[in-house]
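Reviewing the structure listed below.
The values are calculated or read from the model by the stated rules, or taken from the named source; none is laboratory data. The shown structure was predicted, so the numbers you read here are calculated from the model rather than taken from an experiment. Neighbour counts are summed over all protein chains in view; Cβ atoms, including those assigned to glycine, are modelled from backbone coordinates with ideal geometry. These accessible areas exclude ligands, DNA and RNA; they are computed on the full protein's heavy atoms, side chains included. Shrake-Rupley method; radii C 1.70, N 1.55, O 1.52, S 1.80 Å.
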Amino acid sequence: FGIAAFRMAGFALWPFGRAVIRTSTPATAVSTGCLNVVWFLIAGLWLAIAHVTTALALAVTIVGIPLALGNLQMIPITCFPFGKTYVPRDRVPRGAEVVYQF
């Protein structure tokens, strides 16, 4: 869980020019799904609430609207981080499923 938290922190700190790709294979899909469920119950729900609250506070000003949208786009990534990795946008492997890119 700590490694996933640090990966998300690095992505949130500097998301520009990076893409989120799915890395889970059918063999690891069950364990990835179980880890995502546990993560969502322990931390994902609270992170989603924090992102929505921060987005609402940022959306009050015109300058904060792009940052508010960025916060809202981070919700699916922070709720279910397992089975995803972050790579530079120009180094996305062929055939990889791109979940999100900045």
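Considering only residues that are in contact with a Phe, Trp or Tyr (Cβ under 8 Å, 6 or more places away or on another chain) and among the hydrophobic types (A, V, I, L, M, F, W, C), look in segment 1-20 and name the one that is nearest to LEU35 (Cα to Cα). Here the answer is PHE1.
Yes/no matrix, rows are residues, columns are (1) closer than 23 Å to PRO93 by Cβ; (2) assigned to a strand (DSSP E or B); (3) hydrophobic (A, V, I, L, M, F, W, C); (4) at pLDDT 85 or above:
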residue	(1), (2), (3), (4)
GLY10	yes, no, no, no
ALA27	yes, no, yes, no
SER31	yes, no, no, no
ASN36	yes, no, no, yes
VAL52	no, no, yes, yes
ALA55	no, no, yes, yes
ILE62	no, no, yes, yes
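Just so you know, in segment 71-89 the residues that are open to solvent by 50 Å² or more (accessible area, probe 1.4 Å) and in contact (Cβ under 8 Å) with a residue 40 or more places away in the chain include one that is nearest to the chain's Cα centre (by Cα), and it is PHE80.
Residues in segment 64-83 that are assigned to a helix (DSSP H, G or I) and touching a strand residue (DSSP E or B) at 6+ places or on another chain (Cβ under 8 Å) were compared, and the one that is farthest from VAL99 (Cα to Cα) is GLN73. Close contacts from segment 43-70, counting a first residue that is in contact (Cβ under 8 Å) with a residue 24 or more places away in the chain and open to solvent by 80 Å² or more (accessible area, probe 1.4 Å) and a second that is part of a helix (DSSP H, G or I) and of a type in the set (S, T, N, Q), with Cβ to Cβ under 9 Å and a gap of 6+ residues or different chains, come to none at all. Scanning segment 22-40 finds no residues that are under 18 Å from ILE3 (Cβ atoms), among the basic types (Lys, Arg), open to solvent by less than 90 Å² (accessible area, probe 1.4 Å) and out of contact with any Pro (no Cβ under 6 Å at 6 or more places or on another chain).
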